[in-house]
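See structure below.
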Amino acid sequence: SQPPLHTLLSTHDFLSAAASSFPPKTHAFVTSAATDCHTHRSNSHTYSLITLRPRILRDVSRVSISTRILGHPVSSPIFAAATSLGTTVHPEGEKAIGRACEKLGVGMTISTSASFSVGEIARVVKDCETVTERKEEEEEEEEEKAIPPLWFQLYVDKDRSKSEKLLKQAVEAGVKAVFLTVDAPVPGKREADERISAEEAVGLSSGVPMTGEKAENDKSGGGLGRITGKFLDASVSWGDIAWLRSCLPEEAKIVLKGVQTATDAVRAMEAGVEGIVVSNHGGRSLDTAPATILVLLELQRCCPQVFDKMEVLVDGGVTRGTDVFKALCLGASGVGIGRGILYGLGYGEEGVRRYVQILNDELETTMKMCGVTSLDQVHPGLLNTRAVDHLVPETVEEEHPYAKWRPSMR
């Protein structure tokens, strides 16, 4: 049974509520991660190893968490990361997420594997804006009005014409940027999802609208996470950024979602994309990949120039406002929430709004405690990272610091 929404005071409460109320297949799909789930756990645990250095006696009576992501004003640095199959959690799925994000004034990433087409979701968001006539219009406008952006997450189809058609639909729907997923050339092995038959999935009777794929059982199990594997193009490479650019209008931005090393961050910068998301797919792709906050530190140490040349976003393991604050201090301009949005979705639009608002409130409290009143004041000096510094690579080079063996030396 589901506890009343007003009794949930932390993001962890939403996780507990999902455990008792989500159908078994839905719970397995949302919570599962690759193989032994080390990266999934490490994403969140590593935040706790980085400590804050609070500053005192600053006037923190007024704080603002508004900012800009990819050129768009938003009411908070938190955004909805791309999540699949929303109707397995709630009948309104991504439509409810879209309405919540619009009312919150935060960005939303629409997945290729969403339960509705990008056009349907965009229309709901647009209608919502008209009906609610955002509160900012009634109040004194201190800052630029946040009209939250919609972004589109792309899994490239083996049949490129299908991807080109999807991109056209996304642009027509008003999408401002395309997040090309680069950390999942193939689906990860998520055993909890595989163990439960695909037939037990709720809300998926008609398949995934933008790809037409359905979940099925085979000798490997019945994982919903493998639906994408039926059409994913594992041949996508750096050369395809030019193809993607050719499919989009000049003003649309390209973001590479899933950068996990300084080497690839530099390569992305040289390729001229507008942004990257430091992400390991929420630990769902390759287990024992590094925690994303460690990758942010790697970029700061090995290639700080990337923060000047493109926008750096991050997702994975964020469960507290302190986590958001730490990511922002290390150079992230936006922080994505994936699973958490789906936990909130268990309560529909109101649940998504409450989930994000809890994090917003915690972020504001953290800022006040650290003597910061706006996000243009955050910096790495507000953190002590020494407990994890030894885990951070020191150069962009791919060489191991001492092991020099190569197969050719046999």
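The values are calculated or read from the model by the stated rules, or taken from the named source; none is laboratory data. Every value quoted in this text rests on a predicted model; they were computed, and no experiment measured them. Here Cβ is always computed from backbone atoms with ideal geometry, including for glycine, and neighbour counts include all displayed protein chains. The protein model used for the area step is the full one, side chains on, heavy atoms only, and it has no ligands, DNA or RNA in it. Shrake-Rupley method; radii C 1.70, N 1.55, O 1.52, S 1.80 Å.
Quick notes on this one:
- Protein heavy-atom surface of the chain, 1.4 angstrom probe: 50% of the accessible area is carbon and sulfur, with nucleic acids and ligands not counted.
- Counting only protein heavy atoms and a 1.4 Å probe, segment 214-269 has 46 square angstrom of accessible area per residue.
- For LYS368, a cut-off of 16 angstrom between C-alpha atoms picks up these lysines, skipping any fewer than 8 places away in its own chain: LYS326.
- Solvent-accessible area per residue for segment 287-410 (1.4 angstrom probe, square angstrom): 44
- Peptides 389-399, 26-36, 225-235 ranked from most to least packed give 26-36, 225-235, 389-399, packing being the mean of other C-beta atoms within 10 angstrom over each peptide's residues.
- Modelled FRET efficiency - R0 35 Å, SER237 with ARG123, Cβ distances, 0.05 increments: 0.50
- Nearest-0.05 FRET efficiency for HIS45 and ARG195, computed from C-beta distance (R0 30 Å): 0.75
- Neighbourhood net charge (15 Å Cβ-Cβ; Lys/Arg +1, Asp/Glu -1) for PRO401: -4
- If you plug the beta carbon distance of THR7 and GLU213 into 1/(1 + (r/R0)^6) with R0 = 35 Å, you get a FRET efficiency near 0.40.
- From phi via Karplus (6.51, -1.76, 1.60), per-residue ³J(HN,Hα) for segment 247-261 in Hz, x at Gly/Pro: 8, 10, x, 4, 7, 6, 9, 10, 10, 8, 9, x, 6, 10, 9
- Of the peptides 279-292, 51-64, the ranking by mean beta-carbon count within 10 Å, highest at the top, reads 279-292, 51-64.
- Which label in (1) 4, 21, 32, 27, 13, 3, 0; (2) 5, 22, 34, 27, 10, 2, 0, 0; (3) 4, 20, 29, 24, 14, 7, 2, 0 gives the computed P(r) over Cα pairs in 10 Å bins from 0, in percent: (2)
- Relative contact order (%) - the chain, alpha-carbon pairs under 8 angstrom, separation at least six: 26
- Links that overshoot a 26 Å alpha carbon limit, given the list LYS126/LYS253; LYS25/LYS103; LYS158/LYS219; LYS25/LYS165; LYS95/LYS176; LYS126/LYS230: LYS25/LYS103; LYS25/LYS165; LYS126/LYS230
- Bridge type composition, the chain - antiparallel percent by DSSP, nearest 5: 20
- Remark: spin-label model distance GLN357-GLU164 equals 4.6 nm, labels positioned 7 Å along the Cα→Cβ axis.
- Over the chain: helical MRE at 222 nm, DSSP H runs n ≥ 4 each giving -39500 (n - 2.57), nearest 500: -10500 deg cm²/dmol
- Extension gain for SER220-THR35 works out to 65.3 nm (0.36 nm per residue, less the C-alpha to C-alpha distance).
- Distance (nanometres) between label positions extended 7 Å along Cα→Cβ at LEU391 and ARG68: 3.4
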